[in-house]
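The values are calculated or read from the model by the stated rules, or taken from the named source; none is laboratory data. Only a predicted model underlies this, so the values are computations on that prediction, with no experimental measurement involved. Note: ideal-geometry Cβ built from the backbone for every residue, glycine included; neighbour counts use all protein chains shown. Accessible surface is based on the protein model in full, side chains and every heavy atom, while ligands, DNA and RNA are left aside. Shrake-Rupley method; radii C 1.70, N 1.55, O 1.52, S 1.80 Å.
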Amino acid sequence: MVTRHIWHTYVEEADHLRHHQDVKPIYAKRKETIERVFADAKEKHGIRWTSLRGLNKLSMQAMLTLAAINLKKMANWTRRGPKMA
């Protein structure tokens, strides 16, 4: 008897859609935008390790770190000025 997880059908469908030609450019862009934020948070802002204990304290640290990253992005955007199309 082979048993599968109740969500395995959905996982297979998501994997199938990920390899579709229309969706490949979106996944290629993901590594440049979304995953880059978390990599920077780990490398430059100390998210990799913590001395804090408890979900509330860790959540507060993560929120403050990501808020700082967003402020840095906004500062860079305002310094560069609007892009001309």
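Considering the range 20-48, the residues that are out of contact with any helix residue (DSSP H, G or I) (no Cβ under 9 Å at 6 or more places or on another chain) and assigned to a loop (DSSP other than H, G, I, E, B) include one that is nearest to Asn70 (Cα to Cα), namely Asp22. Flag: Glu43 does not match the condition of being free of Cβ contacts under 8 Å to residues at least 40 places away in the same chain, charged (D, E, K, R) and open to solvent by less than 100 Å² (accessible area, probe 1.4 Å).
Being modelled with pLDDT under 80 and farther than 29 Å from Gln61 by Cβ is the requirement here; does Ala14 meet it? No. Of everything in the range 46-84 that is of a type in the set (S, T, N, Q) and without any contact (Cβ under 8 Å) to a residue 24 or more places away in the chain, the residue that is most open to solvent (accessible area, probe 1.4 Å) is Asn56.
Would it be correct to say that Thr9 is among the hydroxyl-bearing types (Ser, Thr, Tyr), open to solvent by less than 100 Å² (accessible area, probe 1.4 Å) and either free of Cβ contacts under 8 Å to residues at least 60 places away in the same chain or outside any helix (DSSP H, G or I) (or both)? Answer is yes for this residue.
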